[in-house]
Amino acid sequence: MLTALWLVPAVGGILCLFAKGRTARYTSAAFAAAVLAYSVWLSVPYGAARGAWGIVEAGPSWIFGIRYHLAVDGLALSLVWLTALLTVVCVALSWRQDFSAGYWSSFMFLEAALMGVFLSRDLFVFYVFWEAVLIPMFFIIGLWGSDGRRHAAMKFFLFTFFGSLFMLVGLLALVTIHHATAGVWTWDMADLAGANPGGRMGLAVFISLVIGFGVKIPLFPLHTWLPDAHTEAPAAGSVMLAGVLLKMGIYGFLRVLIPVFPKLVWDLLPWLGGLACLNIIYGSLCAMQQKDLKRLIAYSSVAHLGFCLLGVLSWTPEGLAGGSLQMLNHGITTGALFMMVGFLYERTHCRGLSDFGELTGRAPWMTFFFGWAVMASVGLPGLNGFVGEFMSLAGMARAIPLMAFVAATGIVLSAAYSLPAYQTVFWASSGAGSASPKVSDLDAREKVLVWVLCGLMLYIGLCPTPLLTVLAPSVAAIVPYGFAP
Amino acid sequence: MRDILAFFSAPSLWPQLTLGSGILCCLAAGMARGLEAATSRVLGTAALIVALWMLLFTKLGAAGPLVTLDSLGLAWQILFYAGSLPVFLSLEADDEVPAALLLGAGLGMGLMAAGGSLLMLFVGLELASLPSYLLVAKLRSPSAPPFEAAVKYFFAGALASCLFALGMALHYAASGSLALSSAPGPMGQAGLALMGAAALFKLGAVPFHFWLPDVYESCAPALAGFLSTSVKSAAVFLLMRLASIGMGSAMAASLPWIGAVTALYGALLALRQERLQRLLAYSSVSHAGIIVLGVGAWAAQGCDRAAAAPIFFYGLVYLFMSNGAFFFVKASGLTKRGEVGGYARMCPVPAALFATLLLSLAGIPPSGGFLAKLFIFWEAVKAGLYLPVAGAALAALIGLGYYLGLIRDMYFDEPVWRRPSWEPGAVRWVLWACATAAAALGVLPWVFSSVLERIFS
């Protein structure tokens, strides 16, 4: 039943490759919509199961304890929804572009691999899907990106593969250490949970896994691939990158690092939390300096993911729930922002802040929705960003108050880079040679897309309880590992 | 006389006898002028396929003092014979000599696999090497200077043979026998080290790699595929035999480090290569390094035959990857890295097949190359060889630089030349088969693992 979630898009991807002309785009749309419908429907059996692990699908054991084992809990389910939703958005977003079959099939393959990452409970299967994500994304950036795409694609792949190698060796060592103490070969996350390998070996494994997941988040010194990749990718590629791919890192923290190394995470909390704070402050400061709209949003992602990580690390129910919720929020909000920058770029082939101005009259709908998404990103109460950030900070305030205080300045900083950018692009007077005259307002298709995402921002902002209820069992399953207050 | 009869009637040698008859048939077919031109090609392929098929019926065990076939020798014969198959498809139709030489090399490797004493290993090694030198002289790439590579290969190989003979002599002096058992004392250690050096020479491991890039670059691409798979697996097999003789020796203990250094060195030099065949040659040095690391890890854990499966798997996957990559070079007619630009626009299907092979060579999941690397790394981690593993992982990262670089150029660049050539026919099927197998071994390894269990249990 869960296999369908990754197998269906994979089959769709293969079909797209062989489709001629416009058929490929219809094929990908049909498959993406089917996956979205199916993933939403999954909430029915999941709700009926009522357990932390709602739906489980396990195959026979292969060799050395490797097993095809998929399951969803609330956390996985919510990320599955996000992936399915954003894939549909991406397909619809590029509908007018005259891309070849490979483009549409890449998005299908990307969806398949991402689903696999969020569903797998076996670390080996998890790693295979994790790596498989790179291949379609590499082609999406490199083939359909803007001028610097060649370099950005290579940098993206090399950087993330660098992290993955650490992760691979770390996982191998982890499994081997566990075998030495427990006497069984297993890659299953549930069996490895609470393993707590200690000593210098345990620390080395822990650090290599932090590097592996940290590259994806991206954690402070490992973030340099991100601005290039996000800026050069096509609009839909940026949506997937920021919306879903970055979440894989946090997901790794939640699924692997915290359950397997509770003691080390707790002992090293000041260091990890410090890095998360650096993410927030450094990302915000960098974002302030950007002249390119996409680059600015990319750096803002660095800062926002810092909030997610901080919430998760706080190890309190509210922090964990807030961090997880903030992952979804960031996916929706930043997805919408990148999408709208894509609309601007499609019309003008410009993304510089100073290329625009005086758009309020020309494109009132765009002005309105962009402002909406910016407010959500800044954390205006009533919209989704506020809930996630508030809960993350509240959690951290219970664990390490000083860190919560430092991180809270990030909210001010986020206003300090987002609002001036919004003002420059949409409200300020345009200079000579401005691209603004080429900008037309959103058409019906674009409006529908923006409405969906902005509606979700408002819905989560006003009424986060349903989503938090979905997340609650997974959060409750993680808290017992903690040593938190 | 009876001994000789017993020797030849032992079922464990039937595949080798098939290859021997194949050689005679090829030569006879060449002498009979009236026959159809492609006969030697068909005969050679048939002999190899029959030999592979006979492996199903060969019995393990000893047959005479010189011949002992164990599961390792049986499994490695698959690599030897299957790795020789593709090159037959690329032979010129009217020449029987290369076919006979290839079968001769296969026969030598087969004898080595069944060798129950050092003497037999040496004879098999020589029998496999001499045809290889001639093949390099005979099947060379059009642009290469005549005989230079062959002579280089010959001298390097002769040096390796000398080392092996000397090592064997020391081994005999220390233990009084040429059986596959350990020899005591420093003399035994020295003998083992010399023989190990010979095997590393054949394998092209650092610091004995210097002949390899020149040879691989100058010979026909299909032959380079053969040298990098069949012949290298023979060297790996030799190394494993020596490691199991000298468990706990300095030679066995140095293998992981030599492997890591080789993997790094090959990857670093491949990064700087402009010619495709030379790039693939250095990449094969790097892969050999990872195999040597695997052998070292295997030796560190007691040389259990059943635990050799990861090394075998690596050899099997590499067989497809390397042959496929060299066949792409042959079929596409590309020689330089700069010519690759925009190839995917002109020939999407061959480009996609090559990209699959490159991803597998780089070890990106889901591909056979990834699983192969994973298993080797895992064995090394189990043996506690963390630093060599880190080195090999770094080599994999560096390797991504040129494998992915080729994909990038093929797909992201504008086409740099007018009309691509694409050789049709059998070559295309080799490429299809290799790419499919390299991908399938990553996705469905359990199909293979059940076969493997049958062999190794």
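Quick look at the numbers
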{"item": "Chymotrypsin sites (Phe, Trp or Tyr not before Pro) restricted to DSSP loop in region B:172-281 with at most 16 other C-beta within 10 Å", "result": "B:PHE210"}
{"item": "Cα-based convex hull volume of chain B per residue, rounded to whole Å³", "result": "130"}
{"item": "Minimum 40 Å² accessible area buried by the other protein chains, region A:104-148 residues, probe 1.4 Å, relative to alone", "result": "A:PHE124, A:VAL128, A:ILE135, A:PHE138, A:PHE139, A:LEU143"}
{"item": "Reference-scaled alpha-carbon Rg (2.2 N^0.38 Å with N residues) for chain A", "result": "0.92"}
{"item": "Solvent exposure ordering (accessible area, 1.4 Å, most first) of A:GLU57, A:GLU389, A:GLU346", "result": "A:GLU346, A:GLU57, A:GLU389"}
{"item": "Calculated FRET efficiency for the pair A:ILE14/A:HIS349, C-beta based, R₀ 22 Å, to 0.05", "result": "0.10"}
{"item": "Accessible area buried at the A-B interface, both sides summed, 1.4 Å probe (Å², nearest 100)", "result": "3000"}
{"item": "Heavy-atom surface of region B:107-225, accessible at 1.4 Å and reported per residue (Å²)", "result": "35"}
{"item": "Binned Cα-Cα distance frequencies in region A:105-176 - 5 Å width, integer %", "result": "3, 16, 22, 22, 18, 10, 5, 2, 0, 0"}
{"item": "Of all accessible heavy-atom area on chain B, the percent that carbon and sulfur account for (1.4 Å)", "result": "69"}
{"item": "Above-threshold pairs, the threshold being 31 Å between Cα atoms, out of A:LYS247/A:LYS447; A:LYS155/A:LYS247; A:LYS294/B:LYS373; A:LYS291/B:LYS336; A:LYS20/A:LYS291", "result": "A:LYS294/B:LYS373; A:LYS291/B:LYS336; A:LYS20/A:LYS291"}
{"item": "Cleavage-rule hits, trypsin sites (Lys or Arg not before Pro), region A:20-125, DSSP coil, Cβ neighbours within 10 Å at most 16", "result": "A:LYS20, A:ARG22, A:ARG50, A:ARG96"}
{"item": "Solvent-accessible surface ranking, highest first, for B:ARG278, A:ARG255, A:ARG362 at 1.4 angstrom", "result": "A:ARG362, B:ARG278, A:ARG255"}
{"item": "Zone residues, region B:183-218, relative to B:LYS336, backbone N less than 20 Å from point 7 Å out along Cα-to-Cβ", "result": "B:214, B:217-218"}
{"item": "Neighbour cut-off at most 10 other Cβ (10 Å), DSSP loop, chymotrypsin sites (Phe, Trp or Tyr not before Pro), region B:34-76", "result": "B:PHE57"}
{"item": "Carbon and sulfur %, accessible surface of chain A computed with the full protein complex present, 1.4 Å", "result": "70"}
{"item": "Principal-axis tilt of helix A:149-182 within chain A, Cα atoms, nearest 10 degrees", "result": "20"}
{"item": "For B:ARG41, solvent-accessible area (1.4 Å; no DNA, RNA or ligand), Å²", "result": "70"}
{"item": "Over 24 Å [Cα-Cα, region B:272-388], rounded percent", "result": "33"}
{"item": "Mean accessible surface per residue for region A:292-408, computed with a 1.4 Å probe while every protein chain stays in place, in Å²", "result": "25"}
{"item": "Cα-Cα separations in the protein assembly as shown greater than 41 Å, expressed as whole percent", "result": "42"}
{"item": "Nearest-ten-degree value, helix A:123-132 long axis tilted from longest Cα axis of chain A", "result": "20"}
{"item": "Long-range Cα-Cα pairs in region A:283-485 (distance over 24 Å), rounded percent", "result": "42"}
{"item": "Rounded accessible area of A:ILE411 (nearest 10 Å², 1.4 Å probe)", "result": "50"}
{"item": "Residue-averaged beta-carbon neighbours from other chains (10 angstrom radius) around B:358-368", "result": "4"}
{"item": "Residue-averaged beta-carbon neighbours from other chains (10 angstrom radius) around A:159-168", "result": "4"}
{"item": "On Cα atoms only, tilt of A:134-144 relative to the major axis of chain A in degrees", "result": "10"}
{"item": "Accessible area (Å², 1.4 Å probe, nearest 10) - A:TRP451", "result": "120"}
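The values are calculated or read from the model by the stated rules, or taken from the named source; none is laboratory data. This one's a predicted model, so the numbers in the text were calculated from it and none came from an experiment. Heads up, the Cβs are rebuilt from the backbone with ideal geometry, glycines too, and the neighbour counts pull from every protein chain shown. Calculation scope for accessible area: heavy atoms of the full protein, side chains included, ligands and nucleic acids excluded. Shrake-Rupley method; radii C 1.70, N 1.55, O 1.52, S 1.80 Å.
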